[in-house]
Ligand SMILES: O=c1[nH]c(=O)c2[nH]c(=O)[nH]c2[nH]1
């Protein structure tokens with residue numbers, strides 16, 4: 001009985017690329033430009049003459065998965081991502097046409113849809129968020145509290161965010177930046193002053209709206225600053241609320257170095273890392289907020 005190699009394939013899974021298209025006739029002030037973003041996850045699987053690598057470890061036929069990932073980034077820069085079908089065809093044909101050892105390419109792309117918030121460079125991910133409520137009651141006439149909120153509300157600013165002037169110690173390598181992508185998945189809870197709110201839907205809708213607008217309209221020097229602005233805006237606009245607690249993971253988007261491929265990257269092609277992420281948490285409250293620590297637990 002002989003043991004033989006059966007079907008096989010290999011590639012790079014889930015390359016997360018965010019392609020920002022900046023307005024060609026923008027006014028030069030980045031905050032004023034209208035941007036378009038494409039947020040995709042690309043999985044490439046190649047097959048062909050791969051007997052040798054499996055049977056003897058001879059890599060002569062193997063295009064590294066790292067090169068496949070780089071191709072995804074370089075093509076995003078060079079061709080843009082018009083539709084994921086177009087982008088998939090471009091990539092799949094490239095791998096088969098350019099590599100004699102590759103006879104079949106499978107490219108699967110998932111696209112995450114974003115809607116505009118306001119202005120030219122703020123986006124909110126369609127769907128996915130969860131509305132939350134936490135109620136305590138000691139019965140009729142006793143203490144009651146209502147905390148409303150949401151989680152998993154993904155938002156992204158493709159410009160209008162800086163981060164510099166921070167502490168530098170012997171382990172600091174982060175370069176300062178005056179233009180970065182700022183992306184987070186908002187978890188927010190807000191406490192009502194009393195149970196007299198009545199129109200809970202309108203209150204929720206407006207609190208959410210003000211969180212989004214504050215995120216979009218704050219020219220951010222740090223996510224911490226954005227957090228405070230988001231909480232402040234909700235409390236400024238909604239008198240029925242007295243305290244907002246926010247947890248904002250900093251979903252890092254790293255500029256891809258395209259120089260090895262002879263391309264510049266003027267804040268257009270980003271690698272969206274899923275972890276580790278920064279985590280910024282904070283409470284914003286009115287100074288007359290009634291004490292109710294147990295409302296949150
Ligand atoms: O807005 C930010 N706040 C930080 O505290 C921080 N730390 C970091 O590495 N990047 C950022 N960004």
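Here are the numbers for this structure:
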item	result
Most mobile of 78, 69, 38 in a GNM of the chain (Cα contacts under 10 Å)	78
Percent of Cα pairs exceeding the 16 Å cut-off, where the set is the range 15-112	60
Residue 247-residue 294 FRET efficiency (beta carbon distance; Förster radius 25 Å; 0.05 resolution)	0.80
The range 15-112, relative contact order in percent, only Cα pairs under 8 angstrom and at least six apart counted	36
Protection proxy ranking of 105-112, 162-169 - average other beta-carbon atoms within 10 Å, highest first	105-112, 162-169
For the chain, built as a Gaussian network whose Cα springs stay under 10 Å, the top-fluctuating residue of 101, 65, 173	173
Mean shadow area of the chain, taken as a quarter of the surface of its Cα convex hull (nm²)	23.3
Gaussian network model of the chain, Cα within-10 Å springs - most flexible of 265, 157, 59	59
Proxy reagent accessibility, fewest Cβ within 10 Å first, across 296, 114, 190	296, 114, 190
Helical mean residue ellipticity (222 nm; -39500 (n - 2.57) per DSSP H run of 4+; nearest 500) of the chain	-7500 deg cm²/dmol
Packing-based exposure ordering (other Cβ within 10 Å, fewest first) of 140, 179, 266	140, 266, 179
The chain: relative contact order in percent, alpha carbon pairs under 8 Å with at least 6 residues between	17
Ranked list, fewest to most other Cβ atoms within 10 Å of each Cβ, for 271, 123	271, 123
At 0.692 mPa s and 37 °C, Stokes D of the range 205-297 from Kirkwood alpha-carbon radius, µm² per second	210
Normalised alpha carbon radius of gyration of the range 110-255 [divisor 2.2 N^0.38 Å]	1.19
Crossing angle, helix 84-98 versus the chain [Cα axis fit, 0-90 degrees, rounded to tens]	30
Relative contact order of the range 55-131, pairs being alpha-carbon contacts under 8 Å that are 6 or more residues apart, as %	19
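Read-outs: derived from the displayed coordinates by stated rules, not from any lab. Fair warning: this is a prediction, and the values are worked out from it, not measured in the lab. Quick reminder, even Gly has a Cβ in these numbers, built from the backbone with ideal geometry, and neighbours come from all protein chains shown.
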